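Okay, structure first, notes after.
The values are calculated or read from the model by the stated rules, or taken from the named source; none is laboratory data. Remember, predicted model here, so these are calculated numbers, not experimental data. Here Cβ is always computed from backbone atoms with ideal geometry, including for glycine, and neighbour counts include all displayed protein chains. Side chains are part of the model used for accessible areas, which takes the heavy atoms of the whole protein and leaves out ligands, DNA and RNA. Shrake-Rupley method; radii C 1.70, N 1.55, O 1.52, S 1.80 Å.
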Amino acid sequence: MSYRTEPGRARECGEPEGAVMGSRLRMLWVASVASLVVTAGVVQVPAAQAAIDAKPARTWGVGPASATSASSGNPRVLAILPLGDRIVVGGTFDSVIDPAGVSYPVKNVAVFSATTGAADLTFRGSANASVTSLTTDGSRVYLGGSFTSVNGVSRRGLAALDASTGALAAWEPSASAGQVDALAYSGGWVYAGGNFDAITGSNGLISQRFAAKVSAASGAVDSGWAVAPDDRVRALNVAANASGRLYLGGDFTTVSGRTGTNRLASVLLASPGSVDTNFRAGPTNGTGYAPIFDLTSDANRVYAASAGLGGACAALSATTGAALWSAHGNGNMQSVRLLGNLLYCGGHYGGTGSFMGQTRNKLAAVDAVTGALNSFAPNVNSSQGPWALAVDAGHLYVGGDFSRISGVPQPHFAMFIDTAIRSAPQPPEALRAQAVSGAVNLSWKPPSSDGGWPLQKYKVYRSTVPGGQDLTRAALVTLSKDAQTYSDAAVVNGTTYYYVVVATNVAGASAPSPEVSARPSSTGTVVAPSAPTAVTIDSQPGSIHIAWNPPASTGGAPVTSYRVYRGGAPGAEDRSAPLGTTSSLSFDDVYGLTAGATYYYVVTAVNQAGEGVASAEVSATATQGVPGAPTLTLSLASGPSVQLRWTIPPDGGSPITKYVIVRDAVRLVTLPADASGGPTSYLDTAVVPGVTYTYQVRAANIAGNGQLSRRETITIP
């Protein structure tokens, strides 16, 4: 298995690859045309072959630390690893988010259930920077990326976690001067690719540049494995035809001095890892040899996701490398995966005629044998879209930049379920009952998964004895799919009532929620909530993370928000104005922290009656981190010229010392910072009419370079 890294190392949509790419003509070789239909000049596979439709299940996703924090910049899933019912994801994110929008802290690694759609909040794995690749031996999950620590312990580019708990394994190979872009596991060995100078094993031996073979048990490098690409390896795939070979994809043009290995090569898994001379890769994007970002294979073919003049997914012979077909898009192809007889192609393309001359938005499917276009056409709502795909027997998993797919809110991670196994929803969650005089107020959260079919209704059932709800009879009330509260006024003060709620879709009703009870009383009135409980605090480089549980008593009405207060000494929290207000159960303080200073916090809950009492106080000492990502905007100015403006980001606990402006992935200028944390603007006069430019900016402090801003593009008229 292999997955690409984040966009800082990949060409953007439509960026030219150079003369080697040849023409922009789309090339499609059709090996079989039986049972195919031609529409608008494109061979199409009948829709009946598709196992999934264009709408993903509504499940958990990933995101920034909280609704009031942007410490992740633009959250992104970069790697997905199915492992039974557990789906491990890696990337650049600070939280997992349930369907109600509540975030829970994680750091660049998370685990979801394929059955329930929910995150495993007990999994303790974390990394301090991007996780770009994942593989497994069944009991461990191996991580590759740009991180320098995992679970708070030094690990550079490579690490291993217990697949069940997330505990850090004593596995310590180290990548130098670069990052690990791809991982694959076979026969007790982990194979790594990237732009690293070398990987040093636990045995002190050092690998070649760009590719390495490491013992999955000990972390020792096999220095006898002498595979030596001349440039970056972005993708790895163990050949599915049991030939004992490993496919490499990336930017290279030779491997171990052998020419004819443009971007794609087949090498032996066993030492010395010699190049398969029978495999000579054909073009992967029309007639061009484009950089390859992802690979997968079956017994007969190897499939590639490539860049170039628009990007393409392509099939080549697994034994000879001969080109079989190539499906062209108007943006880089980032990932390919097989499910049944279809190859799913995810990338940055979109719009009218964007893929094989038809309209597809970031995700499409083609027949794996013929390359014929399938009717699968979800609408992914971002310019970047998917960065990673994965499959198991019943699912297609998609990770990337998006927040919605085909109208379904799915922040950065989505799960498409095979139509044959879609089901009723999971039960509603977090049902609560609050008694007041003459009423019981109920509230709940949506199910962790809708089972693959959209929710239709909620049904509330009531009894006066524990467990006495009769789900075969009419519900107390049936509510819309958007309801998350209900006030039961048909009650008698002094009687205890027991409630469950079920969710429904076209497949049927969920199991009931856990039962709750309440006893209305004539003395009941709505009051402010009690204090939030179980407040915890964690100091991370450049930020302090506070989390809590709901109050023991909501005061008779739902909690609508939480307020976080900060002080510089015990009991000195400024209660005149909150540091932040959030509807979630966590908050990240990234505001004006000074490394080495200790900060004190309390949290309050708010309902319709007002603000409740403060929680127990917690404190933490800020540690030094790099700055966050500025927000960049562009505008045209006379000359011609481009006016750049940006916001001052969180400084990471140490003053910002400089800003670096990057144009078209090359540093344009470095600006020293002033006492106010600026400057916040720059005028680029070295531009040419008719040319499109892409800009980013980042801040730096004594700890190092901060996060790059989101890319912004402008064309000079």
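Quick notes on this one:
Rundown of residues vs (1) charged (D, E, K, R); (2) without any contact (Cβ under 8 Å) to a residue 12 or more places away in the chain; (3) part of a strand (DSSP E or B); (4) in contact with a helix residue (DSSP H, G or I) (Cβ under 8 Å, 6 or more places away or on another chain), yes/no style:
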position: 435; (1), (2), (3), (4): no, no, yes, no
position: 455; (1), (2), (3), (4): no, no, no, no
position: 473; (1), (2), (3), (4): yes, yes, no, no
position: 487; (1), (2), (3), (4): no, no, yes, no
position: 492; (1), (2), (3), (4): no, no, no, no
position: 501; (1), (2), (3), (4): no, no, yes, no
position: 512; (1), (2), (3), (4): no, no, no, no
position: 531; (1), (2), (3), (4): no, no, no, no
position: 534; (1), (2), (3), (4): no, no, yes, no
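- Residues that are touching a residue at least 12 places away in the same chain (Cβ under 8 Å), more than 30 Å from residue 441 (Cβ to Cβ) and among the aromatic types (Phe, Trp, Tyr) number at least 2 in the following strands (runs of 3 or more DSSP E) confined to region 539-641: 598-607.
- If you go through region 606-664 and keep only what is modelled with pLDDT of 85 or more and among the hydroxyl-bearing types (Ser, Thr, Tyr), you end up with 615, 619, 621, 631, 633, 635, 638, 641, 647, 657, 659.
- For region 479-497, a tally of residues being surrounded by 14 or more Cβ atoms within 10 Å (Cβ to Cβ) and in contact with a Phe, Trp or Tyr (Cβ under 9 Å, 6 or more places away or on another chain) returns 7.
- Per-region count, region 289-305, residues of a type in the set (S, T, N, Q) and surrounded by fewer than 24 Cβ atoms within 10 Å (Cβ to Cβ): 2
- Evaluated against (1) touching a residue at least 40 places away in the same chain (Cβ under 8 Å); (2) more than 24 Å from the chain's Cα centre (by Cα), residue 359 falls short on exactly one condition, (1).
- Condition check for residue 324 on (1) open to solvent by less than 20 Å² (accessible area, probe 1.4 Å); (2) in a strand (DSSP E or B): one failure, at (1).
- Residue 712 vs. criteria of a type in the set (Asp, Glu), within 30 Å of residue 575 (Cα to Cα) and surrounded by 14 or more Cβ atoms within 10 Å (Cβ to Cβ): no
- Restricting attention to region 235-248, the residues that are touching an Asp or Glu at 6+ places or on another chain (Cβ under 6 Å) and open to solvent by less than 10 Å² (accessible area, probe 1.4 Å) add up to 1.
- Only one of 418, 450 that is buried (at least 22 other Cβ atoms within 10 Å of the Cβ) and charged (D, E, K, R): 450
- Residue count for region 185-221 under the criterion of being among the charged types (D, E, K, R) and open to solvent by 30 Å² or more (accessible area, probe 1.4 Å): the result is 2.
- Among residues that are in a loop (DSSP other than H, G, I, E, B), open to solvent by 10 Å² or more (accessible area, probe 1.4 Å), at pLDDT below 95 and not charged (D, E, K, R), residue 308 is not included.
- Against the test of being closer than 27 Å to residue 286 by Cα, without any contact (Cβ under 8 Å) to a residue 40 or more places away in the chain and within 15 Å of the chain's Cα centre (by Cα), the options 354, 335, 382 yield a single qualifying residue, 382.
- If you filter region 671-712 down to residues that are polar (S, T, N, Q) and in contact with a Phe, Trp or Tyr (Cβ under 7 Å, 6 or more places away or on another chain), you find that the one that is nearest to residue 146 (Cα to Cα) is 709.
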